[in-house]
Amino acid sequence: MIIKSLLTVRHTINSIEEIKNWIDSRNKTVKVQVDSIPFSSLEGWETDENGTLKHVSGRFFSIEGIQVETDYGDIRKWTQPIINQPEIGYLGILTKEFNGILYFLMQAKIEPGNVNCVQISPTLQATKSNYLQIHKGLKPSYLDYFVNATPKQIILDQLQSEQGARFLRKRNRNIIIKVESDVELHEDFRWMTLGQIKELMRYDNMVNMDTRTVLSGLKVSDFLSPTDDIECMSSLGKGMILSSVTNHCYYSMEEHLSWLSSLKSKYDLRVHSYPLSKMNDWQILPDEISRKDNKFFRVIGVKVTISNREVSSWCQPLIQPMQRGICAFILKKIDGVYHFLVQAKLECGNFDVLELAPTVQCLTGDINNPQLVRPPFLDYVLNVSKEQIVYDTLQSEEGGRFYKEQNRNLLVEADDSFSLDLPKHYTWMTLGQIYQFLRFNNYFNIQSRSLIAALNYLHN
């Protein structure tokens, strides 16, 4: 069923065009207003003597200060604000079979920080504070399906990390379930095939980060049967299936685990609470918390009105980026098998020191500054020929916490001249090896998972 869903983009319950029209309609119909306001006007929020910005309920999340010390990288010590949200939320997708094809129930959801208001989101996207109704609003739609899901209904169930540079050890439960009973279809929800969702990921800022992280864990080759006709797959798609199932790998899983264990034991990551009010590089102003050099990001306050949410109006802080980023995987065929060039990356909010990241993951605001060390492989990614680009879109970060943040997402295929020799923080993995790591918590970061989700089996 999943393979059929992956390969079906036409003759569906809703066509791609109908889905796009539906999103346009929701953008026109749903009232949305997001206004920047001073922190003193953030109803339901308070600032303590250290500058920490927190909800009066003690729930949801807080903006706190930390000091980071590490022996990894060029910068060994710094301070910054970070989102502390210890709750584990739900990112859940409900599926149901229609006419032998599995459909995914997707939501047209507006978050206050979204670039283009409506984005295609999971069936359920809710923090614990949301679904416990701390906000005293409505219960999220379809919540009970996930709370009451039986083991037989569960297709995927993982705890996965959020952005390690902005969240302090934040995780969400990524879950996909299949139901047999009739499902009431609400106005903001539509049924889509997996192939349609992947097709929509080819558009800028159409499918949100939460959908991408959930779908990244779905190893489609596990559902392949002898009766599935994969001839309609592109050469890249067939190559990805081979990369998912082969045992012909440049490095074994044992070598990868030893490499990663060695790096994690080599580097220290010490993160301590540090008052925002005492940070030398940052300033607390009436309407923002920002770096004095205007780099990286700032914290702003907003008042939000969205007419179709569980609570129609509220206030909250958001993280606003000051620079756009780039996230890119380099792919290369090694002995006829696609391998991904993976890096081990330390970020201050990581659960376990290092997480596996795309080949390139960096900000681009200072990209032309000759005084800064350029990340490995950045120049290669930026200068590949058009024919080498497999995927190239602008994709949003999570709009519930980040204000209009988008990064360029790239998959590029290296030519034969690209060396197999790598710096010590990098390795070659097949897609099957990536999925082995994805089965467990906190190995691949959310940027890499977003790119894995974008793999399209119908287009080169």
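So for the chain, taking the charge dipole from beta-carbon charges (+1 Lys/Arg, -1 Asp/Glu), which of Pro376, Asn294, Thr211 sits furthest toward the positive end?
Towards the positive end, the residue furthest out is Asn294.
How long are the semi-axes of the ellipsoid equivalent to the range 1-153, from square roots of 5 times the Cα gyration tensor eigenvalues, in whole Å, largest first?
37, 21, 19
Stick to Cα atoms and the Kirkwood definition of Rh, then tell me Rg/Rh for the range 217-372.
1.08
Just subtract the alpha-carbon distance of Glu387 and Arg439 from 0.36 nm times their residue separation and send over the number in nm, one decimal.
15.5 nm
Based on alpha-carbon positions alone, could you give the equivalent ellipsoid semi-axes of the range 79-130 from the gyration tensor, as √(5λ), descending, whole Å?
Values for the range 79-130, descending: 29, 15, 8 Å.
Dipole size in debye (nearest 20) for the range 202-281 around its Cα centre, Lys and Arg Cβ +1, Asp and Glu Cβ -1?
Charge dipole of the range 202-281: 420 debye, to the nearest 20.
Which FRET efficiency value, to the nearest 0.05, is calculated for Asp415 and Glu43 with the Förster distance at 60 angstrom and r the Cβ-Cβ distance?
0.60
Going by average Cβ neighbours within 10 Å, how do the peptides 19-32, 220-233 rank, with the highest at the top?
19-32, 220-233
Compute the normalised compactness of the range 268-315: alpha-carbon radius of gyration over 2.2 N^0.38 Å, N being the residue count.
1.63
For Glu231 paired with Tyr267, estimate the spin-label separation in nm (one decimal), with each label point 7 Å from Cα along the Cα-to-Cβ line.
The modelled label-to-label distance comes out at 4.9 nm.
If R0 is 56 Å, what FRET efficiency do you get for Arg10 and Glu288 from their C-beta distance, rounded to 0.05?
Using R0 = 56 Å, I get an efficiency of 0.70.
Cα atoms only, the chain: Rg and Dmax in Å?
21.8, 65
Output the antiparallel fraction of DSSP beta bridges having both residues in the chain, as a percent to the nearest 5.
Numbers: 88 of 106 bridges.
Here the antiparallel bridges make up roughly 85 percent for the chain.
Put +1 on the Cβ of every Lys and Arg and -1 on every Asp and Glu Cβ in the range 369-428; which of Trp428, Ser385, Asn409 then has its Cα farthest towards the positive end of the dipole?
Farthest along the dipole direction, towards plus: Asn409.
Quick one: if the Förster radius is 60 Å, what FRET efficiency do Asp182 and Lys238 give, using the C-beta to C-beta distance and rounding to 0.05? It would help to have the intermediate numbers written out before the result.
Working: r = 37 Å, r/R0 = 0.61.
Approximately 0.95, to the nearest 0.05.
Excluding same-chain residues fewer than 8 positions from Lys20, which lysines have a Cα within less than 20 Å of its Cα?
The reachable lysines, counting only those whose Cα sits under 20 Å from Lys20, are Lys28, Lys31, Lys109, Lys198.
Within the range 303-322, whose backbone N sits under 18 Å from a point 7 Å along Cα→Cβ of Val56?
303-304, 311-317
Using square roots of five times the C-alpha gyration tensor eigenvalues, list the equivalent-ellipsoid semi-axes of the range 24-97 in whole Å, biggest first.
Ellipsoid half-lengths, sorted descending, are 32, 23, 15 Å.
Could you give the dipole magnitude of the range 147-289 about its Cα centre, charging the beta-carbon of Lys and Arg +1 and that of Asp and Glu -1, in debye to the nearest 20?
700 debye
Roughly speaking, what is the stretch gain from Lys96 to Asp144, that is 0.36 nm per residue apart minus the C-alpha to C-alpha distance, in nm to one decimal? If you can, show how the numbers build up before the last one.
Values: separation 48, 0.36 × 48 = 17.28 nm, distance 1.57 nm.
The span from Lys96 to Asp144 would gain 15.7 nm if fully extended.
Take the cross-link list Lys4/Lys96; Lys128/Lys404; Lys264/Lys424; Lys77/Lys404; Lys128/Lys345 and give me the ones stretching past 18 Å between alpha-carbons.
Violating the 18 Å limit, Cα to Cα: Lys128/Lys404; Lys77/Lys404; Lys128/Lys345.
If you find the alpha carbon centre of the range 118-150 and of the range 252-328, how far apart are they in angstrom?
After rounding, the separation between the Cα centres reads 24 Å.
Residues in the range 283-326 near a label at Gln33, defined as backbone nitrogen under 19 Å from the 7 Å Cα→Cβ point?
301-317
To the nearest 20 debye, what charge dipole does the chain have about its Cα centre, counting +1 at the Cβ of each Lys and Arg and -1 at the Cβ of each Asp and Glu?
Values: 50 positive and 53 negative charges, 104 e Å.
About 500 debye.
Rounded to a whole number, what is D in µm²/s for the range 280-379 from Stokes-Einstein with the Kirkwood radius over alpha-carbon pairs (20 °C, 1.002 mPa s)?
Roughly 125 µm²/s, to the nearest whole number.
What number does the range 226-294 give for Rg over Rh if you use C-alpha atoms and the Kirkwood radius?
Rounded to two decimals, Rg over Rh is 1.35.
Highest mean first, how do 392-404, 109-121, 60-72, 240-252 rank when packing is the count of other Cβ atoms within 10 Å averaged over residues?
109-121, 392-404, 60-72, 240-252
Cut-off is 10 Å between beta-carbons; in what order do Arg324, Arg449 appear when sorted fewest neighbours first? Present the calculation step by step, with values, prior to reporting the outcome.
Details: Arg324 14, Arg449 26.
Lowest to highest Cβ neighbour count: Arg324, Arg449.
Using only Cα positions of the range 1-55, each an equal point scatterer, no hydration layer, compute I(q)/I(0) via Debye at q = 0.22, 0.27 Å⁻¹ and quote the log10 values to two decimals.
-0.92, -1.04
Using only the Cα atoms, what convex hull volume per residue in Å³ does the range 122-161 have?
Details: hull volume 3.5 nm³, N = 40.
Convex hull of Cα atoms, per residue: 87 Å³.
Taking a ≥ b ≥ c as the square roots of the Cα gyration tensor eigenvalues, with a/c under 1.5 meaning rounded and otherwise prolate when a/b beats b/c, else oblate, which class fits the range 177-304?
The shape class here is oblate.
Compare the peptides 182-188, 302-308, 3-9, 433-439 by average per-residue count of other Cβ atoms within 10 angstrom and give them in order, highest first.
3-9, 433-439, 302-308, 182-188
Can you bin the range 345-460 into rounded, prolate or oblate? Criterion: square roots of the alpha carbon gyration tensor eigenvalues sorted a ≥ b ≥ c, rounded for a/c under 1.5, prolate for a/b above b/c, oblate for the rest.
Rounded.
Throughout, read-outs are computed from the coordinates displayed, never taken from laboratory work. The model shown is predicted, which means the values in this text are computed figures rather than measured ones. With ideal geometry, Cβ positions are generated from the backbone for all residues, glycine too; neighbour counts draw on all protein chains shown.
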